[in-house]
Amino acid sequence: MKLLNNDYFENMGIGDIRAKVHAGERLTFEDGMRLFECPEPLAVGALAHQVRTRMHGDKAFYVINQHVNYTNVCVNGCVFCAYQREEGQEGGFVLTKEDVIAKIDAAALTPREIHIVGGCHPKLGLEYFEEIMRAVKNRLPDVVLKCFTAVEIAHFASLENITSKEVLTRLNAAGLDMLPGGGAEIFAPKIREQLCPRKSTAEEWLAIHEEAHALGMKTNATMLFGHIESHEDRIDHLVRLRESQDKGGGYTCFIPLPFLTENSQLTIEEPLTGLEELRTIAVSRLMLDNIPHIKAYWVMLGVKQAQAALKFGADDFDGTVVEEKIGHEAGATSEQGMTRTELEEMIQGCGCTPVERDGFFNEVK
Ligand code: V47
């Protein structure tokens with residue numbers, strides 16, 4: 001790292017951006033665009049790594065967690081999604097509360113975080129979800145329940161004819177602790193209309209997260225990239241999130257998700273390169289100066305790329321996961337789940353120190 005002095009960044013055309021980053025100054029939209037245009041992705045990665053190291057040292061966080069998908073039946077029909085089924089279509093499923101508990105009981109490790117999401121089912125009412133929250137908290141009182149994307153919250157509100165704030169309040173009372181980051185996709189309206197015209201708009205997604213923050217709940221945020229969006233759309237997404245975070249500060253972690261192309265109706269002209277994935281993670285770290293953690297989600301990135309991401313601005317490796325469906329339906333080649341030992345070895349394998357955390361990113365002894 002010593003060789004990476006200001007001359008190096010000057011030669012790469014980003015010396016002034018490096019100076020801002022070192023002074024703790026906020027980067028502008030134009031700075032973000034220049035990071036995508038910089039001829040050397042390694043320079044952008046090195047700068048993001050300096051920020052990540054300033055924030056977290058050489059720590060890389062992981063969590064003993066479990067993903068549970070309660071249904072793949074969804075009314076939204078997003079063109080990129082390989083997971084969705086219509087109601088009554090072959091392969092569609094809905095889990096009962098007992099199925100959810102059985103999956104948790106069957107996991108090899110007791111999870112500290114449970115991530116429950118699903119499609120926007122046309123008939124499942126709020127009581128079904130309240131019962132699931134209560135049943136899981138009854139079984140595991142200390143677990144952090146990170147469930148339901150803002151898109152699902154909006155859907156429940158519309159089915160029940162109540163406000164999203166009422167939905168959040170009721171689910172929170174039943175045991176919901178935080179919202180995961182899914183459903184953000186890409187905020188730019190012209191892209192969102194093509195990808196997911198029936199889904200909540202960017203404004204609705206952001207408003208629900210801000211409502212959750214006002215109720216004292218933490219949330220995450222994602223960005224789906226590498227499809228039909230431009231660099232400008234990615235920077236727009238990051239700037240909107242940063243502005244949203246300035247209002248309430250409730251976002252804990254940002255998860256950049258590279259688009260996986262299998263079983264999708266969306267045709268991609270120029271698939272993402274590995275370096276473009278890493279550059280996007282680095283730009284996310286540099287632009288999102290007010291979100292503490294950047295997740296290298298090994299399920300979608302693949303384990304080796306997730307390891308590389310820990311040197312390009314990411315500091316979190318997600319967790320054991322146990323069973324994943326959304327990425328695997330879309331061609332993810334990663335394992336279904338990882339053990340604690342595997343996670344620690346992956347993290348150590350790229351020179352970082354593994355640190356176990358809970359769902360809120362508190363370190364666990
Ligand atoms: O919102 C769907 C994405 C997301 C594809 O909050 C795809 O900690 C790539 O949000 N290729 C769901 N991505 C996953 C998610 C998530 C995962 C891990 C942790 C957290 C967290 C959140 O998956 C969806 C969508 O953006 N997705 N299809 C695909 N073909």
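For this structure, a couple of remarks:
- Leading residue by the ranking (surrounded by the fewest Cβ atoms within 10 Å (Cβ to Cβ)) among those in segment 82-104 that are within 21 Å of the chain's Cα centre (by Cα) and not polar (S, T, N, Q): 83
- Selection count, segment 335-356, where residues are buried (at least 18 other Cβ atoms within 10 Å of the Cβ) and assigned to a loop (DSSP other than H, G, I, E, B): 3
- When segment 176-208 is filtered for residues that are crowded, with 17+ Cβ neighbours inside 10 Å, out of contact with any Asp or Glu (no Cβ under 9 Å at 6 or more places or on another chain) and among the β-branched types (Val, Ile, Thr), only 208 remains.
- With respect to the conditions (1) away from the ligand (no atom under 13 Å from the Cβ); (2) in contact (Cβ under 8 Å) with a residue 24 or more places away in the chain; (3) of a type in the set (Asp, Glu), residue 166 falls short on a single one, namely (2).
Let's see how each residue does on (1) on the phi > 0 side of the Ramachandran plot; (2) open to solvent by 20 Å² or more (accessible area, probe 1.4 Å):
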site	(1), (2)
256	no, no
260	no, yes
266	no, yes
276	no, yes
282	no, no
311	no, yes
315	no, no
318	yes, no
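- Residue selected from segment 165-224 under the condition touching a Gly at 6+ places or on another chain (Cβ under 9 Å) and small (Gly, Ala, Ser), by the criterion nearest to residue 235 (Cα to Cα): 221
- Scanning segment 170-209 for residues that are touching a strand residue (DSSP E or B) at 6+ places or on another chain (Cβ under 7 Å), away from the ligand (no atom under 12 Å from the Cβ) and among the small types (Gly, Ala, Ser) yields a single hit, 175.
- Number of residues in segment 211-235 that are open to solvent by 50 Å² or more (accessible area, probe 1.4 Å) and under 17 Å from the mean Cα position of the chain (by Cα): the value is 1.
- Breaking point among (1) assigned to a helix (DSSP H, G or I); (2) closer than 25 Å to residue 63 by Cα, for residue 158: (2)
- Residues that are out of contact with any Ser or Thr (no Cβ under 8 Å at 6 or more places or on another chain) and open to solvent by 10 Å² or more (accessible area, probe 1.4 Å), drawn from segment 131-154: 131, 134, 135, 137, 138, 139, 141, 142, 149
- For residue 165: the one exception among (1) over 30 Å from residue 36 (Cα atoms); (2) assigned to a helix (DSSP H, G or I); (3) open to solvent by less than 10 Å² (accessible area, probe 1.4 Å): (3)
- Any hit, segment 2-14, residues being open to solvent by 60 Å² or more (accessible area, probe 1.4 Å), in contact (Cβ under 8 Å) with a residue 24 or more places away in the chain and not in a helix (DSSP H, G or I): no
Matching residues to (1) free of Cβ contacts under 8 Å to residues at least 60 places away in the same chain; (2) among the aromatic types (Phe, Trp, Tyr); (3) away from the ligand (no atom under 15 Å from the Cβ):
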{"site": "36", "(1), (2), (3)": "no, yes, yes"}
{"site": "73", "(1), (2), (3)": "yes, no, yes"}
{"site": "77", "(1), (2), (3)": "no, no, no"}
{"site": "87", "(1), (2), (3)": "yes, no, yes"}
{"site": "92", "(1), (2), (3)": "yes, no, yes"}
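Conditions tested, residue by residue: (1) among the acidic types (Asp, Glu); (2) loosely packed, with under 14 Cβ neighbours inside 10 Å; (3) under 23 Å from residue 266 (Cβ atoms).
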{"site": "62", "(1), (2), (3)": "no, no, no"}
{"site": "66", "(1), (2), (3)": "no, no, no"}
{"site": "74", "(1), (2), (3)": "no, no, yes"}
{"site": "80", "(1), (2), (3)": "no, no, yes"}
{"site": "106", "(1), (2), (3)": "no, yes, no"}
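- Condition check for residue 296: under 18 Å from residue 272 (Cα atoms), out of contact with any Pro (no Cβ under 6 Å at 6 or more places or on another chain), touching a residue at least 12 places away in the same chain (Cβ under 8 Å) and surrounded by fewer than 23 Cβ atoms within 10 Å (Cβ to Cβ): no
- Hits in segment 94-144 - residues which are touching a residue at least 60 places away in the same chain (Cβ under 8 Å), in a loop (DSSP other than H, G, I, E, B) and under 15 Å from residue 69 (Cα atoms): 107
The values are calculated or read from the model by the stated rules, or taken from the named source; none is laboratory data. Given the structure is predicted, the values throughout are model-derived calculations rather than measurements. Positions of Cβ are generated from backbone atoms using ideal geometry, with glycine treated the same way; all protein chains shown enter the neighbour counts. Surface areas here come from the heavy atoms of the whole protein model, side chains and all, with no ligands, DNA or RNA. Shrake-Rupley method; radii C 1.70, N 1.55, O 1.52, S 1.80 Å.
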